[in-house]
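A.B. asks: Before anything else, here's the structure in question.
What follows is calculated from the coordinates using simple rules that are stated; it is not laboratory data. All values derive from a computational prediction rather than experimental measurement. Don't worry about glycine lacking a Cβ; one is built from the backbone with ideal geometry, like all the others, and counts go over all protein chains shown.
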Amino acid sequence: MFSRDTIKFKSNDFARILVIVAVLAYIMISVAYGIKSIFQTGTMVFPEPHYFLFLFSIGFVIFTVFFEREIKAVYPRDIIGGALASACLTFLAMAGFAGMRYIWEKGLTDLGIETMAYGFSISMILSLILYFALRKIEVKFVPKGFTKVLYIVIGIAVVMMISVVYGINYMQKINPYPIPPHIILLMFAIGFVLASVYYEKCNALYPWLLVGGAVTSMGVVFIITMIIGGIRYLLEKGFTGLGTDTVFYSLSICIILSMILYNQYKIVKDKL
């Protein structure tokens, strides 16, 4: 007597896998059409480039933390790995959007039915392989650690954007003194005394302790003045006073710089 083995396969599992594979295949086809469109036209008009720079900056933070926490990469390899991974993700997003736009305007058969059938078939096979490969990957990510880093980096980026972008614009175009000059001089005097005493405690010699105190106080007062100027600019004209593209460009660059500064701070802190 031979026993007959039965294979239980639920129809909803098959449908779910088929939908996932078909979506991945469509994304691959869109990326292929998008790469063709980008190389043909040399431009990427939708969405606008500042959105992709913002996507790169967010991906840069996520992947850098991932390489640091999970891969145990040390500086600067975690930064480089995060930048490369985020650049690949951003390029795929750019190509995907370009491909969807290309398909929307010219259809799937613009390259020929045979090319479309070959491309979709190969993409289906690769998508199924990718689907099963991704199921084998277990990514253990610490939510609390990541959210903490993300909040710190975005907080620093917002402060940098307000002080540098909006603060300088306020001082150049509206009022060079966001704070009355006598208040600025008072803050400088207090900072000069505190910084000079600090440098003296650090065994700095005269007159270098006074020079260091003056430079430090001047830098701190300038930053405070720019931050107040940026806040006043936002209260008067809002975030979009300089244009939406400027907001995204500025925030994206500040996020990237903030992540690099945060990593540098951690290195210096560990050495102290």
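A.B. asks: Could you run the Karplus curve 6.51 cos²θ - 1.76 cosθ + 1.60 with θ = phi - 60° over the stretch 181-190 and give me ³J(HN,Hα) per residue in whole Hz, x for Gly and Pro?
C.D. replies: Working through the residues one at a time gives x, 5, 5, 4, 5, 5, 5, 5, 5, 5 Hz.
A.B. asks: With a point put 7 Å past each Cα toward its Cβ, work out how far E48 is from I80 in nm, to one decimal.
C.D. replies: Spacing of the two 7 Å Cα→Cβ label points: 3.5 nm.
A.B. asks: Would you kindly derive the ³J(HN,Hα) couplings of the stretch 18-32 from the backbone phi angles with the Karplus curve 6.51 cos²θ - 1.76 cosθ + 1.60 (θ = phi - 60°), listing them in order in whole Hz, with x for Gly and Pro?
C.D. replies: For the stretch 18-32, the Karplus-derived couplings read 5, 5, 4, 5, 5, 5, 4, 5, 5, 5, 4, 4, 4, 4, 5 Hz, x marking Gly and Pro.
A.B. asks: Right, another one. Kindly count the pairs of lysines across the stretch 142-272 whose alpha carbons are less than 20 Å apart, treating pairs on different chains or eight or more residues apart as eligible.
C.D. replies: 4
A.B. asks: Please give the length that would be gained between V159 and V220 if that part of the chain were fully extended, namely 0.36 nm times their separation in residues minus their C-alpha to C-alpha distance (nm, one decimal).
C.D. replies: 20.6 nm
A.B. asks: Rank the residues C202, C88 as a footprinting-exposure proxy: fewest other Cβ atoms within 10 Å of their Cβ go first.
C.D. replies: Final ranking by Cβ density, sparse to dense: C202, C88.
A.B. asks: Here is a follow-up. How many nm separate the modelled label positions at L257 and D245, each set 7 Å beyond the Cα in the direction of the Cβ?
C.D. replies: Result: 2.1 nm between the two label points.
A.B. asks: Okay, next question. With each label point set 7 Å from Cα along the Cα-Cβ vector, what nm distance links W208 and Q40?
C.D. replies: In this crude label model, W208 to Q40 measures out at 6.6 nm.
A.B. asks: Order of H50, H182 from fewest to most other C-beta atoms within 10 Å?
C.D. replies: In increasing order of surrounding Cβ atoms, one gets H182, H50.
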